[in-house]
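Beneath this line is the structure, given in structure tokens, with notes to follow.
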Amino acid sequence: MHFVRIGNRAFNLDLISHCEVQVWHDAMSVKIYMTGAANNTPVVLNEEEAKQLWKYIEYVAEKPV
């Protein structure tokens, strides 16, 4: 399991099925969909939390194996 802490929440990155990024003028939000959720209700991150998550995902993507 791979957990990341964003704001006051911890996410298991292994359970994320997909994300949707919404950008409106200068505001940004991210909807995170998890596998195994009964009604598949997304977790919505505000702009600051979305930037933190995006920065972490870019870090992991560039990290050598």
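The values are calculated or read from the model by the stated rules, or taken from the named source; none is laboratory data. Computed from a prediction, not measured in an experiment: that's the story for all the values here. When we count neighbours, we look across all protein chains shown, and the Cβ atoms used for this are built from the backbone with ideal geometry, even at glycine. Keep in mind that these areas ignore ligands, DNA and RNA; they rest on the heavy atoms of the full protein, side chains included. Shrake-Rupley method; radii C 1.70, N 1.55, O 1.52, S 1.80 Å.
Restricting to the range 1-49, give me the number of residues that are outside any loop (DSSP other than H, G, I, E, B) and either of a type in the set (S, T, Y) or in contact (Cβ under 8 Å) with a residue 60 or more places away in the chain (or both).
Qualifying residue count, the range 1-49: 3.
Being open to solvent by less than 80 Å² (accessible area, probe 1.4 Å) and modelled with pLDDT under 85: is that true of L13 here?
Here the answer is yes, as L13 does meet what is asked.
For K51, state whether it is touching a strand residue (DSSP E or B) at 6+ places or on another chain (Cβ under 8 Å), open to solvent by 80 Å² or more (accessible area, probe 1.4 Å) and among the basic types (K, R). Can you show your working first?
Working: touching a strand residue (DSSP E or B) at 6+ places or on another chain (Cβ under 8 Å): yes; open to solvent by 80 Å² or more (accessible area, probe 1.4 Å): yes; among the basic types (K, R): yes.
Judged against the criteria, K51 is a match.
Quick test of your reading of the structure: A61 fulfils all but one of (1) within 17 Å of H2 (Cα to Cα); (2) open to solvent by 80 Å² or more (accessible area, probe 1.4 Å); (3) part of a strand (DSSP E or B). Name the failing condition by number.
A61 satisfies all of (1) within 17 Å of H2 (Cα to Cα); (2) open to solvent by 80 Å² or more (accessible area, probe 1.4 Å); (3) part of a strand (DSSP E or B) except (3).
Looking only at the range 21-47, filter to residues that are surrounded by 11 or more Cβ atoms within 10 Å (Cβ to Cβ) and of a type in the set (D, E, K, R); which one of those is nearest to G7 (Cα to Cα)?
Ranking the qualifying residues of the range 21-47, first place goes to E47.
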